[in-house]
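The values are calculated or read from the model by the stated rules, or taken from the named source; none is laboratory data. Bear in mind the structure is a predicted one, so any value in this text is a computation, not a measurement. Glycine also receives a Cβ, built like all others from the backbone with ideal geometry; neighbour counts cover every protein chain displayed.
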Amino acid sequence: MTTESSGGLTKTRIEALTDGVFAIAMTLLILEIKVPVVEHSMLHELPRRLFELWPKYISYVISFVMLGVYWIGHHNQFHVIRRSDRTLLWINILFLMVISFLPFSTALLGEYATERIATEIYGINLIVIGLLLYWHWRHATKKHRLVDPELDARVIATATRRILMGPVVFLIAIGISFVNVAASLTIFLLAPLLFILPGKIDRYWQRSR
């Protein structure tokens, strides 16, 4: 029995909760960047103090864009998901729990950008988010459990590959951090381009709308 037919949470409630958690997580990201406190007699130091915050700026940009990527991915999944069940609800709860952790791992990366442990924790955070989004999609589409029976299997496979690109790239970034942390950060910075640039699945969403 689906959740909708049993009178429980509907798709709309899931999407509303998700939107709220994403909005809060995105807002918390900027709150981690504190304005430097400089005495009036030392205002000439302000530009340097602002520049010293560059790791925080970079981690903020990466995380804000990646949250946008994951929100769009979640939104697109619900474009074809027609109903929900208890398992889908709990996958969403776990997904949102890990999303809520991202402001912490972002702050850690911004504060200790040159430390491998900060890069690893940040990368693991993004990997787990991606894997939960994959689980969400897998559960909904397996045997067309929660989607229309007419949904093309090729579309399901294409979306699956696109979702798994993130965890693979971030795993590579973690591996590279053992050799060069700066190179690892560069991968994190460039990774969102894989999702911002339109692909086959984006053309499908556009046609279906």
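Here are a few things to note about the model shown:
- Counted residues, region 86-145 - those being buried (at least 16 other Cβ atoms within 10 Å of the Cβ), closer than 20 Å to Ile156 by Cα and of a type in the set (S, T, N, Q): 2
- Within region 27-39, no residue that is without any contact (Cβ under 8 Å) to a residue 24 or more places away in the chain sits with its Cβ atom under 6 Å from a residue that is loosely packed, with under 11 Cβ neighbours inside 10 Å and β-branched (Val, Ile, Thr) at 6+ positions apart or across chains.
- Scope region 24-44; condition of a type in the set (Val, Ile, Thr) and at pLDDT below 90; matching residues: Ile33, Val35, Val37, Val38
- In the condition set (1) more than 21 Å from His136 (Cα to Cα); (2) of a type in the set (Val, Ile, Thr); (3) more than 12 Å from the chain's Cα centre (by Cα); (4) in a helix (DSSP H, G or I), Ile62 is compliant with all but (3).
- Residue satisfying condition, being in a helix (DSSP H, G or I), among the hydroxyl-bearing types (Ser, Thr, Tyr) and touching a residue at least 24 places away in the same chain (Cβ under 8 Å), within set Thr114, Thr186, Thr160: Thr160
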